[in-house]
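The block underneath contains the structure these notes are about, expressed in structure tokens.
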Amino acid sequence: MAASALILAVWLICFFRLRNIDGAQVEGVNFVELLRKLSGRKNVLRIYYVSFILELFYALMIIYTPLYLLELGFSWAEIGRIFTVMLLPFVLLQYPAGYLADKKFEERDMIIFSLVIMAFSTLVIFFVSSKSLLFWALILFCTRIGASLIEILRDSYFYKRIDCRDVDIINFFRSVRPMAYIIGLLIATPIVYFWHIRFVFPLISIGVLTGILAAKNMTSSRIPPQTKQ
């Protein structure tokens, strides 16, 4: 009910304050032209891959984590408490991380650090079958430290590599979530069917680690793109 009230408030603001804003004229671009445009934007493709890894993590974790916890004997009430702690990094860390990315550190370095945290904390899940509510709250909290940081850092980096003429690239960037859900479930379903849910977690960990190479090769966001990058 609280979430519904907040959504209603935002809707009312949008309805009364944004209804008269004139939209800019946007030229249509076909898919082939978009691919040609993206071929010269290596940094956009690299941050797209990092974003894909994050959304793949979400797609698999939100399905298989509660199923695994139920199998270990946790009740839905206990899982709710665990997830409450798990999601705290999104509230506590994203604003400071965005500030540090703008003022102190490189996004690419912070992304690499976040990917390492997310990968190793996810891998730990495979090796344990603890019934401790505190342990699971802690380990899942660590996975979301990495995820929450990447979530804000990918947007910070991406929007520094584009301008107002790149609406088509923004739309392409937004395709990452459905792509990750489709591909993630296609990969995980046979693993769960033939083996066990817990084998999904090392798969996620390996996938997350592959994002390090893409992040390492990204151009510094401190250097404005002189050409289309």
When you check GLY40 against the structure, is it surrounded by 10 or more Cβ atoms within 10 Å (Cβ to Cβ) and at pLDDT below 90, yes or no?
yes
Collect the residues in the stretch 80-113 that are among the β-branched types (Val, Ile, Thr) and under 17 Å from the mean Cα position of the chain (by Cα), keeping them in residue-number order.
VAL91, ILE111, ILE112
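Yes/no matrix, rows are residues, columns are (1) in contact (Cβ under 8 Å) with a residue 60 or more places away in the chain; (2) surrounded by 13 or more Cβ atoms within 10 Å (Cβ to Cβ); (3) in a helix (DSSP H, G or I):
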{"position": "MET110", "(1), (2), (3)": "no, yes, yes"}
{"position": "LEU115", "(1), (2), (3)": "yes, yes, yes"}
{"position": "MET118", "(1), (2), (3)": "yes, yes, yes"}
{"position": "THR122", "(1), (2), (3)": "yes, yes, yes"}
{"position": "PHE126", "(1), (2), (3)": "yes, yes, yes"}
{"position": "LYS131", "(1), (2), (3)": "no, no, no"}
{"position": "TRP136", "(1), (2), (3)": "yes, yes, yes"}
Any residue at all in the stretch 92-99 that's within 24 Å of ILE204 (Cα to Cα) and part of a helix (DSSP H, G or I)?
yes
Exactly one of these conditions fails for ASP155: (1) in contact (Cβ under 8 Å) with a residue 12 or more places away in the chain; (2) of a type outside the set (Phe, Trp, Tyr); (3) within 27 Å of ILE187 (Cα to Cα). Give me its number.
(1)
Considering only the stretch 43-59, I want to know if a residue exists there that is assigned to a helix (DSSP H, G or I), of a type in the set (Lys, Arg) and surrounded by fewer than 20 Cβ atoms within 10 Å (Cβ to Cβ).
no
When the residues of the stretch 1-37 are filtered to those that are polar (S, T, N, Q) and within 20 Å of ASP168 (Cβ to Cβ), which remaining residue is modelled with the lowest pLDDT?
GLN25
Answer yes or no as to whether ASP163 is acidic (Asp, Glu) and touching a helix residue (DSSP H, G or I) at 6+ places or on another chain (Cβ under 9 Å).
no
Could you check the stretch 146-165 and list, in sequence order, the residues that are farther than 18 Å from PHE83 by Cα, part of a helix (DSSP H, G or I) and hydrophobic (A, V, I, L, M, F, W, C)?
ILE150, ILE152, LEU153, PHE158
Got a sec? Which of VAL167, VAL200 is more than 13 Å from VAL50 (Cβ to Cβ) and over 19 Å from the mean Cα position of the chain (by Cα)?
VAL167
Go through (1) surrounded by 20 or more Cβ atoms within 10 Å (Cβ to Cβ); (2) assigned to a loop (DSSP other than H, G, I, E, B) and name the single condition THR143 misses.
(2)
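The values are calculated or read from the model by the stated rules, or taken from the named source; none is laboratory data. Small disclaimer: the values here were computed from a predicted structure and weren't measured. Because the Cβ atoms are built from the backbone with ideal geometry, glycine has one as well, and the counts that use them run over all protein chains shown.
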